[in-house]
Amino acid sequence: MNAQKNVFIGSEPQQAIDARASGGYVTLLGEPFYCIRHYDAMPPFFMSLISSSDHWLFISTTGGLTAGRKNADHALFPYYTVDRVTENHDNTGHKSLLLVTRQDRTTLWEPFCDRYRGVYRTERNLYKNIPGTALIFEEINHDLALVFRYGWRTSEAFGFVKTTWITNPAPTTCTVEVLDGLQNILPAYVTSQVQNEFSVLLDAYKRSELDPATGLGLFSLSSRLTDHAEPSESLRANTVWQVGLDAAQDHITYLLSSQQLDTFRLGQGVQPETDSRGRRGAYFVRAVFDLAPDAGRSWHLVCEVDQDSAAVANLRRTLNSDPGTLYEQVERDIAASNHKLMTIIASADGLQTSRDGLSTAHHFANVLFNVMRGGIFADQYRIDTADLREFVETHRRALVHDHADFFAALPAMINVNTLKERAAAVGDADLLRLCVTYLPLTFSRRHGDPSRPWNRFAIHIRKADGSRQLNYEGNWRDIFQNWETLAYAYPGFLEGMIGVFLNATTVDGYNPYRVTRSGIEWEIPNPSHPWANIGYWSDHQIIYLQKLLEACTRFYPGTLESLLTRPMFAYANVPYRIKTYAELVNDPYASIEFDWDQHRQIEALVQDTGTDGRLVMDADGHVLHTTLAEKLLNLLLAKLVNFVPEGGIWMNTQRPEWNDANNALVGKGVSVVTLGYLRRFVVFYKTLFQNGGSDVLPMSAEIATLFGSIRHILTAYRAVLMGHITDEQRKAVMDALGQAGSVYRWTCYEHGFSGDVVHIARADLIAFLSLAEDIIAHTLRANQRPDRLYHAYNVLRLDGERAAIEHL
């Protein structure tokens, strides 16, 4: 028991220090950091900490945070929404209390605690390094002449590292009694649902234990939460330990709860805690040491999630073996983890040297977040054929057995171009399609954060045995927007990126919600869930593909021309049914139905054959393959059937143009932006055919029929489409185009593709594209404003036989 002290809180209230926020680069821990001085003069803002592994950490400038590995179900601190994370800084995450003694006067100081604001003259600064792997909070107490810092970093081997630094810039020695720790530490394996909906029940099951010999804290559940009348042991723990403070020299005491904080504040000392049950976990280390002038002390609190008994036993041995060198081991592994991240960014051309340090940092951050979404290629252009086999088996299990000799003959590693050549020589369209679209990406993660809790992020970069996992997943927009720039670092995979895009587009010309290494996913209706909405984003199909096509032409001239007549692409079989044109006109806000029978049939096929079961099949039950020419024409026609003369492209598939400021335009929204992209697509498509290809192009009969209908309509109305058009004429064109699209879609929905092939003359297709280009250009000119800019969106007013356009 420590002797009780008389504790003061400051002296007289002081005038506030000039607290205008400012920023600039400084050198800290041997590397550049961006420093925001007086960051507390700004409203709180949210940040993320980056890792080369599967760590995730979101933190507010208030100090409140959430962190863990892989996803929100493997959390160290509760995964709350951003407002709760920001507000809970006083009871979640870092907490430090100091009793500072100078000249026999002991004073209480709680850095970053606003309850004592105005008592001391303090200033707060925030530091973040360029890679985003280190975040340091600093509070300088001018009255006590002390500098307190704590920072968050990550280590692949050890987990999350909170480092604390205390320095004494004064000319006199002081004694510091510190209680430094972490609050609201979760047990292992607590799902985000339990964290948010059953937190009271969860608290009752929590158990915190201390290994006195090593100072290791173990945070687990007394048993798994379940309503079943059966035993359910919790066999894993989250762990916290410290290194840098000496048990004997610094008079260390450990606490496993926040119950004694007020006792410490009063200078009454604290009692060690070795077992705490039924309350929220915490880990505090109490130490006492002297600080000579210009001297300092530092230590680490190291945290990890989901540790089994073997991992805990190994950790105890490590803590017992050579604690004197453990501090530096942690630092070295942090440095190694940072180097690994730098290697990832370097391989995506993210490192620059420039006199403009801010622009260099911005470029690094742009590339970093790009590869965090889209991924990075694991080993340049080399492919691990064991992983390739696993990929193929996931998509089409029988293919591995049907071509056993092909896979047996592959070396352990193979170049991507050599693989494509070998696959093409086999003559199996499925094998070639899967070998081309195999993309050995890693570091990708499904996006999401506490500001968007409806997006459940996931970071899959390690398998259960700790080996590297190749994976990518993300919403359509996220994946292809980020692959656009990745393609310039790895153009050799452009053909595969284009293949993944086209194989995931539907016969009605749209795309599913999410693209993953395993295939595609779509949203499923759930009336009880307000975020379970179905629909197609109507602007993604053209511009994201267009950027990839242009890059392919730039790096590999002639490649696209060679694919125009090669049947190696597929259609996604999404069980959405866009209603008939008459129904769209009647209610454009409810334009899609979900085909539950089709959905169940597809999922049953996936179980039997693999994820290729989500693709359109031919009459014999094989994947229906088609050409690049047909896939591009399909996407173009899907937009033209929603063309509104002098308006744009009608957004009527229950999702808007991707622009948050215009989300309300779904149904009645008419996008000029998408029409502008469509013109770029048409010009490129026409040039592609002019540069090469055979005189006749094979097309599925259904696509050929729709092509003929649209060509006839545009030709018949060419005069009004190129001149002044009345509201009645606009409605007539819309009706004709919309009905043609409706007939095509419902033929496909009810009967599928017949498998019949019709040949279209290349010259006829080029003439059609020229006509479409002229008509689109006329509508774009009609949307030009007096300032020579363009309207981006319009509203469509349907009134009987009239279709009026209202510019926004």
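The values are calculated or read from the model by the stated rules, or taken from the named source; none is laboratory data. Worth saying up front: this structure is predicted, and the values here are computed from it rather than measured. Note that each Cβ is placed from the backbone with ideal geometry, even for glycine, and that neighbours are counted across all protein chains shown. For the accessible areas, the whole protein counts, side chains as well, though only heavy atoms, and no ligand, DNA or RNA atoms are used. Shrake-Rupley method; radii C 1.70, N 1.55, O 1.52, S 1.80 Å.
Listed by position, the strands (runs of 3 or more DSSP E) contained in the range 466-558 that have at least 1 residues being touching a Leu at 6+ places or on another chain (Cβ under 9 Å), without any contact (Cβ under 8 Å) to a residue 12 or more places away in the chain and farther than 21 Å from residue 434 by Cβ form an empty set.
Is at least one residue of the range 95-118 over 30 Å from residue 307 (Cβ atoms), at pLDDT below 95 and in contact with a Pro (Cβ under 8 Å, 6 or more places away or on another chain)? Among the residues of the range 95-118, at least one is over 30 Å from residue 307 (Cβ atoms), at pLDDT below 95 and in contact with a Pro (Cβ under 8 Å, 6 or more places away or on another chain), which makes the answer yes. In the condition set (1) touching a residue at least 60 places away in the same chain (Cβ under 8 Å); (2) in a strand (DSSP E or B), residue 157 is compliant with all but (2). Against the list (1) modelled with pLDDT of 95 or more; (2) more than 23 Å from residue 671 (Cβ to Cβ), the condition residue 740 fails is (2). Restricting 25, 39 to residues that are surrounded by 21 or more Cβ atoms within 10 Å (Cβ to Cβ), in contact (Cβ under 8 Å) with a residue 60 or more places away in the chain and more than 30 Å from residue 187 (Cβ to Cβ) narrows the list to 39. When residue 532 is tested against (1) in contact with a Pro (Cβ under 8 Å, 6 or more places away or on another chain); (2) modelled with pLDDT of 90 or more; (3) surrounded by fewer than 17 Cβ atoms within 10 Å (Cβ to Cβ), exactly one condition is not met: (2). If only residues of the range 717-734 that are in a helix (DSSP H, G or I) and touching a helix residue (DSSP H, G or I) at 6+ places or on another chain (Cβ under 8 Å) are counted, the one that is surrounded by the most Cβ atoms within 10 Å (Cβ to Cβ) is 721. Within the range 54-92, being touching a strand residue (DSSP E or B) at 6+ places or on another chain (Cβ under 7 Å) and in a loop (DSSP other than H, G, I, E, B) holds for 54, 61, 63, 64, 70, 71, 74, 78, 79, 80, 91, 92. Considering only residues in the range 144-154 that are of a type in the set (A, V, I, L, M, F, W, C) and either within 23 Å of residue 183 (Cβ to Cβ) or assigned to a strand (DSSP E or B) (or both), the one that is most open to solvent (accessible area, probe 1.4 Å) turns out to be 147.
Rundown of residues vs (1) closer than 27 Å to residue 48 by Cα; (2) in contact (Cβ under 8 Å) with a residue 60 or more places away in the chain; (3) crowded, with 16+ Cβ neighbours inside 10 Å, yes/no style:
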residue	(1), (2), (3)
383	no, no, yes
412	no, no, no
425	no, no, no
458	yes, yes, yes
462	yes, yes, yes
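So in the range 633-673, with the set limited to residues that are at pLDDT 85 or above and of a type in the set (Phe, Trp, Tyr), which one is farthest from residue 729 (Cα to Cα)?
First, pick out the residues of the range 633-673 that are at pLDDT 85 or above: 633-654, 669-673.
Among the residues that remain, those that are also of a type in the set (Phe, Trp, Tyr) are: 643, 650.
Working: 643: 13, 650: 16 Å.
Across the range 633-673, the extreme among qualifying residues is 650.
Out of the range 135-149, which residues are in contact with an Asp or Glu (Cβ under 8 Å, 6 or more places away or on another chain) and not charged (D, E, K, R)? Before you say what the answer is, go through the steps one by one.
Filtering the range 135-149 down to residues in contact with an Asp or Glu (Cβ under 8 Å, 6 or more places away or on another chain) leaves 139-140, 142, 147-149.
Those that are in contact with an Asp or Glu (Cβ under 8 Å, 6 or more places away or on another chain) and not charged (D, E, K, R): 140, 142, 147, 148.
Set side by side, the residues 485, 506 differ, and just one is of a type in the set (Val, Ile, Thr) and either modelled with pLDDT under 95 or surrounded by fewer than 22 Cβ atoms within 10 Å (Cβ to Cβ) (or both), which is 485. Residue pairs whose Cβ atoms lie under 6 Å apart, separated by 6 or more positions or on different chains, with the first residue in the range 355-370 and modelled with pLDDT under 90 and the second not in a helix (DSSP H, G or I), are 357/25. Does residue 230 satisfy being of a type outside the set (A, V, I, L, M, F, W, C) and closer than 26 Å to residue 78 by Cβ? No; evaluated as a whole, the condition is false for this residue. Scan (1) free of Cβ contacts under 8 Å to residues at least 40 places away in the same chain; (2) of a type outside the set (Lys, Arg); (3) outside any loop (DSSP other than H, G, I, E, B) for the single condition residue 98 breaks and write down its number. Only one criterion is unmet by residue 98, namely (1).
Of the residues making up the range 442-465, those that are charged (D, E, K, R) and either touching a His at 6+ places or on another chain (Cβ under 9 Å) or part of a strand (DSSP E or B) (or both) are 445, 446, 449, 452, 462. Looking only at the range 619-635, which residues are open to solvent by less than 10 Å² (accessible area, probe 1.4 Å) and either within 17 Å of residue 745 (Cα to Cα) or of a type in the set (Gly, Ala, Ser) (or both)? 629, 630, 631, 632, 633, 634, 635, listed by residue number. Search the range 338-358 for residues being open to solvent by 60 Å² or more (accessible area, probe 1.4 Å) and of a type outside the set (D, E, K, R), and hand back the single one that is nearest to residue 159 (Cα to Cα). Among those residues, the one meeting the criterion is 339. Each residue in the range 673-696 was checked for being open to solvent by 10 Å² or more (accessible area, probe 1.4 Å), of a type outside the set (Ser, Thr, Tyr) and within 17 Å of residue 650 (Cα to Cα), and 3 pass. Screening residue 195 against (1) at pLDDT 95 or above; (2) touching a Phe, Trp or Tyr at 6+ places or on another chain (Cβ under 7 Å); (3) at negative phi leaves a single unmet condition, (1).
Summed over the range 299-337, the residues that are within 23 Å of residue 288 (Cα to Cα), polar (S, T, N, Q) and open to solvent by 60 Å² or more (accessible area, probe 1.4 Å) give a count of 1.
For the range 381-402, the condition of being touching a Ser or Thr at 6+ places or on another chain (Cβ under 6 Å) and among the small types (Gly, Ala, Ser) holds for none of the residues.
Restricting attention to the range 49-85, and to residues there that are open to solvent by 30 Å² or more (accessible area, probe 1.4 Å) and hydroxyl-bearing (Ser, Thr, Tyr), which single residue is modelled with the lowest pLDDT? Going through the qualifying residues, I end up with 81. Residues that are within 17 Å of residue 486 (Cβ to Cβ) and hydroxyl-bearing (Ser, Thr, Tyr) within the range 323-357 comprise 343, 347, listed in sequence order.
A quick yes/no check of all residues on (1) touching a residue at least 12 places away in the same chain (Cβ under 8 Å); (2) over 19 Å from residue 648 (Cβ atoms):
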site: 706; (1), (2): yes, yes
site: 726; (1), (2): no, no
site: 735; (1), (2): yes, no
site: 761; (1), (2): yes, yes
site: 791; (1), (2): yes, no
site: 801; (1), (2): yes, yes
site: 804; (1), (2): yes, no
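Selection of the range 367-422 for residues being part of a helix (DSSP H, G or I), within 23 Å of the chain's Cα centre (by Cα) and among the small types (Gly, Ala, Ser) yields only 374. What about residue 537, is it open to solvent by 10 Å² or more (accessible area, probe 1.4 Å), modelled with pLDDT under 95 and in contact with a Ser or Thr (Cβ under 9 Å, 6 or more places away or on another chain)? Yes.
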